[in-house]
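One structure is given below, encoded as structure tokens.
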Amino acid sequence: MKGWAWAALVLYSGWAGFAFGIRAVLQRHRTGEASWWAGVLFVAALLGGAAAPVAALTELPTWKGGPALHGSGLALTLAGMALTTVAQPAMGDSWRVGVDAGERTALVTSGLVAHVRNPVFSAMAVTALGLGLGLMVPNLIAGSALVALLAAVQLQVQVVEEPYLASVYGDDYAAYSAGTGRFLPAIGRRAVREKLEA
């Protein structure tokens, strides 16, 4: 189990450092974006994601998995990391962590976002699922971090980003969101009623 915990810790640290450290600094430098953290749940998820493998290394009780389950977790983690690495730059100058109401960027509807409106969040969920919830480091901290991340993503997207995008891009966003899934292709399209109310 310690081998899987070390692997999870190294992979998570590298992914979080790149996706939310280096990429955030580069994007801030390119665009002048000042606000990068979406809220307390995102911070809890990031800290929990790092704490889960550390807890496994200190012999915190874990659920039994086995090599096949741990290997599946590794595969999901690597896939999520790769997707994060591709999804962020694919959004160009429009990729943000959070919303700056005073800033206007182009509505990106091509590439990965032609299939999924939130590919970075989808990639984060895949990575977190691989690292936690009974896969690489199956402990309570990993499961809690995954739940915190999923809650943070849902709140950020549905309460903050979608209303903002609907108000800024109007009919263009309504048409785009009616034909494109929220986190998975064809799942979570915005209904006509939601478009009219936005």
Inset, instruction - Given the conditions (1) modelled with pLDDT under 80; (2) in a loop (DSSP other than H, G, I, E, B); (3) of a type outside the set (S, T, N, Q), report the number of the one that R189 does not fulfil. - result: (1)
Legend entry - Criterion violated by M136 - all others in (1) hydrophobic (A, V, I, L, M, F, W, C); (2) touching a residue at least 60 places away in the same chain (Cβ under 8 Å); (3) in a helix (DSSP H, G or I) satisfied: (3)
Inset, instruction - Go through A45, A101, A7, A87 for me and flag whichever is farther than 22 Å from L155 by Cα, among the hydrophobic types (A, V, I, L, M, F, W, C) and modelled with pLDDT of 65 or more. - result: A7
Legend entry - Of all residues in region 139-157 being in a helix (DSSP H, G or I) and among the polar types (S, T, N, Q), the one that is farthest from R189 (Cα to Cα): S144
Inset, instruction - Starting from residues that are aliphatic (A, V, I, L, M) and modelled with pLDDT of 85 or more, keep the ones in region 158-179 and report whichever is farthest from R190 (Cα to Cα). - result: V168
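The values are calculated or read from the model by the stated rules, or taken from the named source; none is laboratory data. Remember, predicted model here, so these are calculated numbers, not experimental data. Virtual Cβ from ideal backbone geometry, glycine too; neighbours counted across all protein chains shown.
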